[in-house]
Amino acid sequence: MDEIDSKIIIELQRNGRLTNQELSERVNLSPSPCHRRVRMLEESGVIEGYGARINHRALGMPIIAFVQVRLASQSKSVMTEFERSVRDTAEITSCYLMTGRQDYLLQVFTSSLDSYELFIRNKLAELPGIGSWESSFVFGDIKNGLLVPPEKPRK
């Protein structure tokens with residue numbers, strides 16, 4: 001990874017629909033080498049795929065909750081079963097294995113507090129291995145962490 005690769009990553013994160021011509025102009029590189037670099041970033045796994053950023057409010061899902069989960073046991077089998085169940089739960093859009101007092105941090109989108117209550121009662125409480133959880137609700141988006149800052153090239 002060099003500075004040009006970093007610029008390519010930044011531009012594609014901002015707009016994954018750029019044409020190769022547009023991208024090459026933004027990173028100050030001719031189209032053919034730019035295309036080769038993008039393919040190398042894809043093949044190496046740095047670029048995993050392309051998608052669209054969705055406005056959750058426009059979809060009728062204005063409530064974002066972060067749920068800190070502590071498992072009743074941290075055994076491998078309990079963790080594996082919990083993680084499998086999380087992957088199958090549509091309302092949970094992100095799940096992170098954490099250090100500290102809590103084992104996992106979940107991000108949940110719902111349409112209302114009533115629907116969140118139903119999610120808690122009918123889905124979260126039924127996930128295997130949960131010992132306890134604590135919810136926090138988002139009041140506003142200050143900075144959305146969708147963009148990954150590329151590491152600066154080392155000298």
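The values are calculated or read from the model by the stated rules, or taken from the named source; none is laboratory data. Every value quoted in this text rests on a predicted model; they were computed, and no experiment measured them. For neighbour counting, all protein chains shown are included, and Cβ atoms are generated from backbone atoms with ideal geometry for every residue, glycine included. SASA here: full protein model, heavy atoms, side chains in, ligands and nucleic acids out. Shrake-Rupley method; radii C 1.70, N 1.55, O 1.52, S 1.80 Å.
Evaluated against (1) open to solvent by 70 Å² or more (accessible area, probe 1.4 Å); (2) modelled with pLDDT under 95; (3) farther than 30 Å from Phe139 by Cα; (4) of a type in the set (S, T, N, Q), Ser6 falls short on exactly one condition, (1).
Could you figure out which of (1) in contact with a strand residue (DSSP E or B) (Cβ under 8 Å, 6 or more places away or on another chain); (2) surrounded by 11 or more Cβ atoms within 10 Å (Cβ to Cβ); (3) of a type outside the set (A, V, I, L, M, F, W, C) isn't true of Thr89? That leaves (1) as the condition not met.
Residues in the stretch 97-149 that are open to solvent by 80 Å² or more (accessible area, probe 1.4 Å), among the charged types (D, E, K, R) and more than 28 Å from Asn15 (Cα to Cα): Arg101, Asp114, Glu117, Arg121, Lys123, Glu126, Glu134.
Residues that are of a type in the set (Asp, Glu) and modelled with pLDDT under 95 are absent from the stretch 21-37 altogether.
Glu22 falls short on exactly one of the conditions (1) surrounded by 11 or more Cβ atoms within 10 Å (Cβ to Cβ); (2) within 30 Å of Glu91 (Cα to Cα); (3) among the charged types (D, E, K, R); (4) outside the structural domain of Glu126 (by the TED database), and that condition is (2). Among the residues of the stretch 29-73, just one is open to solvent by 50 Å² or more (accessible area, probe 1.4 Å), among the polar types (S, T, N, Q) and touching a residue at least 12 places away in the same chain (Cβ under 8 Å), namely Gln68.
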